[in-house]
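A.B. asks: One structure is given below, represented as structure tokens, and several questions about it will come after.
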Amino acid sequence: MGVARYAIVALVAALVTLAVTPLARLAGARWGIVSRPGGRHVHTGVIPRIGGVAMFAGFGAAVVTEYLGERLWGWAPVLTRLGRPVVGVLIGITTVFLVGVLDDVIDLKPGQKLLGQIAAAGIVIAFGVKISLISNPFGGGIILLGVLAYPITLFWIVGFANVINLIDGLDGLAAGVTAIASLSFLVLSVQSNVLVAAALAAALLGACLGFLRYNFNPASIFMGDSGALFLGFTLACISLLGVIKSVAAITLVVPLLIIGVPIFDTLSAIIRRSTHGQPIQMADKGHIHHRLLGRGFNQRQTVLIIYVWSIALAFGGYATRWAPPILRVVTLVALASLSGIMAHWLGLFEAAHHDDE
């Protein structure tokens, strides 16, 4: 029943997202919640950008399905057994989703959006979900974080939310990368018997797959901040509930590898802007997808290249989960080398043009 259970949860999320996305697209067009061409945007035409509402609806329906399965259909208790932490995670996810909706509708200032993310993460932490220890990824020794657990967990959650938001620049990119990460978390969580993380990962996977039907190039709808913040925030919570709590020897390495491409993109942007005397928060056309487009690849080819890169890093994360320490070192060096070669080829650290969004 294990595999079937997660397949049902993912299928419900996908079907509900498929059904709701056209409604969200219609509402976005009617109410003027749209993305216009120009600046950093590479699309042409006016595209509704409130697809996050559909993904959130699909995710919510899948969570309800999981709950009903536990209550009525004899599924092993997961959401109902863990209780308080799950409630905190779901409230936090809902809060950051609403922050994203507000930003899509009225265009919040960056500080306001960040405060909303911090508040949502604070809810999750207040319900007892946090990184309480850090262990050596190469074996030996555990450090209890004590009071530092709170700011570290806050940074972890908000960071995840923003790296997905930053990579949301091409049709199908953020949804596809999140789907790959969700599948990776699902597999690792099932093998580690952390079933609450597996259930949420299955729900997120289904929502992403359902949305890709309309969001892959040529996209007829974008996810907006309501989608990107929701995806990143939910991935962060899944990692806290699942991988971090179950893989003691590599607590921080595995989730970071699984979403390695958007993290690498974000870090390279910070380094690039800092070394060229540009404000870190200033948007530019130096992201990975912009560089690939500049190399002559079209949107679909660019997205598929990043998918393959993400899959390679996810396999690396899986390898570090099971491999002995020496093979972990080899794997990490190989992945770092691959990323370094890509960075040099794409010129990620070279100055880029700046455009207003």
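A.B. asks: Given the structure, is Ala219 over 12 Å from the mean Cα position of the chain (by Cα), farther than 30 Å from Leu26 by Cα and crowded, with 17+ Cβ neighbours inside 10 Å?
C.D. replies: Here the answer is no, as Ala219 does not meet what is asked.
A.B. asks: Here is a follow-up. From Gly111, Gly210, Gly169, Gly116, grab the single residue that is within 19 Å of Ile238 (Cβ to Cβ) and either part of a helix (DSSP H, G or I) or among the small types (Gly, Ala, Ser) (or both).
C.D. replies: Unique residue meeting the criteria: Gly210.
A.B. asks: Working carefully through the options Leu166, Leu204, Leu148, Leu173, find the one that is more than 19 Å from Gly60 (Cα to Cα) and either of a type in the set (Asp, Glu) or in contact with a Ser or Thr (Cβ under 7 Å, 6 or more places away or on another chain) (or both).
C.D. replies: Values: Leu204 fails: more than 19 Å from Gly60 (Cα to Cα); Leu148 fails: either of a type in the set (Asp, Glu) or in contact with a Ser or Thr (Cβ under 7 Å, 6 or more places away or on another chain) (or both); Leu173 fails: either of a type in the set (Asp, Glu) or in contact with a Ser or Thr (Cβ under 7 Å, 6 or more places away or on another chain) (or both).
Just a single option satisfies the conditions, and that option is Leu166.
A.B. asks: Just the residues that are surrounded by fewer than 20 Cβ atoms within 10 Å (Cβ to Cβ) and under 17 Å from the mean Cα position of the chain (by Cα), please, taken from the range 96-121.
C.D. replies: Leu98, Leu114, Ile118
A.B. asks: So, in the range 146-160, how many residues would count as being within 21 Å of the chain's Cα centre (by Cα) and of a type in the set (A, V, I, L, M)?
C.D. replies: Summing the residues that are within 21 Å of the chain's Cα centre (by Cα) and of a type in the set (A, V, I, L, M) in the range 146-160 gives 4.
A.B. asks: Continuing with this model, one more query. Got a sec? Which helices (runs of 4 or more DSSP H) wholly within the range 1-94 have at least 3 residues that are among the hydrophobic types (A, V, I, L, M, F, W, C) and either touching a strand residue (DSSP E or B) at 6+ places or on another chain (Cβ under 7 Å) or buried (at least 20 other Cβ atoms within 10 Å of the Cβ) (or both)?
C.D. replies: 2-31, 52-72
A.B. asks: Being over 24 Å from the mean Cα position of the chain (by Cα) and either closer than 22 Å to Leu256 by Cα or at pLDDT below 70 (or both) is the filter here, so list the residues in the range 342-357 that pass it.
C.D. replies: His344, Ala351, Ala352, His353, His354, Asp355, Asp356
A.B. asks: Now, a different point. Mind checking which pairs have a first residue in the range 114-137 that is under 20 Å from Val86 (Cβ atoms) and a second that is part of a loop (DSSP other than H, G, I, E, B) and modelled with pLDDT under 90, Cβ under 8 Å, 6 or more apart or different chains?
C.D. replies: Ile131/Leu145; Ile131/Thr251; Ile131/Leu252; Ser132/Leu145
A.B. asks: Among (1) modelled with pLDDT of 95 or more; (2) out of contact with any Cys (no Cβ under 9 Å at 6 or more places or on another chain), which single condition is Lys245 missing?
C.D. replies: For Lys245, the exception is condition (1).
A.B. asks: Looking only at the range 124-136, which residues are within 13 Å of Ile91 (Cβ to Cβ) and more than 19 Å from the chain's Cα centre (by Cα)?
C.D. replies: Residues satisfying the conditions are Ala126, Phe127, Gly128.
A.B. asks: Answer with yes or no whether Phe297 is in a loop (DSSP other than H, G, I, E, B), modelled with pLDDT of 75 or more and out of contact with any strand residue (DSSP E or B) (no Cβ under 6 Å at 6 or more places or on another chain).
C.D. replies: Answer is yes for this residue.
A.B. asks: Limited to the range 1-24, what total is found for residues that are farther than 13 Å from Glu66 by Cα and under 22 Å from the mean Cα position of the chain (by Cα)?
C.D. replies: Residues flagged as farther than 13 Å from Glu66 by Cα and under 22 Å from the mean Cα position of the chain (by Cα) within the range 1-24 amount to 8.
The values are calculated or read from the model by the stated rules, or taken from the named source; none is laboratory data. Fair warning: this is a prediction, and the values are worked out from it, not measured in the lab. FYI the Cβ positions are ideal-geometry reconstructions off the backbone, even for glycines, and counts take in every protein chain you see.
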